[in-house]
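Computed from the coordinates by the stated procedures, all read-outs in this text should not be read as laboratory data. As the structure is a computational prediction, the values presented were derived from the model and not from experiment. When we count neighbours, we look across all protein chains shown, and the Cβ atoms used for this are built from the backbone with ideal geometry, even at glycine.
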Amino acid sequence: MNRAAAGLLFFAVVLGPALAQEQPAARPEDPLLMQRRLAMVLRQSTKHYEAGEYQAAFDRLEALQGPAAQDLSVLNLRGAILTKMGRYQEALDLFNAILATDRNYFPAAFNLGEVQFLSGDIAGALETFQSMRRRDPRNELVRFKILVCQLKLDRDEDAKKIADGLIPAGGTPAWYYAQAMIARKAGDEKTAKKHLQAARSIYLDPGCKLFDESIAPVKF
């Protein structure tokens, strides 16, 4: 995968040198201090986000003003927080605004597809993930998200074609999770659990966590 992730939602954070303590408010003529303060606030908000403290994460970002508040990493993280808070329309608006500025911004594109999926717009999510795949055809998480959308839309044969293109014991556990979801859709929970257990025995927790969180909201 191309980017780091927090939970399933992606956010790109460019961090400067670690700061031992809070820095004073930056002056307009001090861009380095402004950059370091931005990195610090992102780091602190991310820490709250990963702890499930979504309101605290959101409030921390509110400390940013001016150009820093419009940084794409800040907007994307805010959208990820809003998604976790169930404020889907606000999150959709933010991710679309980011993509209007930079249509190739991977984290916002992924998050847009995720919010569409969570809000019930499965066809819209499929279109978003397919567009991402055209730009990054080797990304296995994106391909897996396409497969899940296709299963939700009862396009099972298309989903199986995606699964056939994945590699067992490849760089991610996508193949195992794909087989599990296909089995689950067919009502074969025993086989689904077998594939999930195999994935977790082969891959480290962080790799499986992304896929576990991806399948958690899926109901057939």
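Structure values in brief
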quantity	calculated
Reduced Cα scattering model of the stretch 141-220, Debye log10 I(q)/I(0), q = 0.21 Å⁻¹	-0.90
Relative contact order of the chain, pairs being alpha-carbon contacts under 8 Å that are 6 or more residues apart, as %	14
Degrees separating the helix 189-202 axis from the principal Cα axis of the chain, which is the longest one	50
Long pairs among Lys47/Lys190; Lys84/Lys152; Lys84/Lys185; Lys47/Lys193, criterion Cα-Cα beyond 29 Å	Lys47/Lys190; Lys47/Lys193
Among Ala100, Phe58, Pro217 - extreme Cα towards positive end, dipole of the chain, charges at beta-carbon	Pro217
Choice from Gln35, Gln150, Gln116 showing the highest fluctuation, given a GNM over the chain with Cα pairs closer than 10 Å	Gln35
Vicinal HN-Hα couplings computed from phi for the stretch 104-112 (Karplus, 6.51 cos²θ - 1.76 cosθ + 1.60; Hz; Gly/Pro x)	9, 6, 4, x, 5, 5, 4, 5, 4
Magnitude of the charge dipole, the chain, Cβ model with Lys/Arg +1 and Asp/Glu -1, debye to 20	540
Check: the stretch 141-220 dipole with +1 on Lys, Arg Cβ and -1 on Asp, Glu Cβ, in debye	80
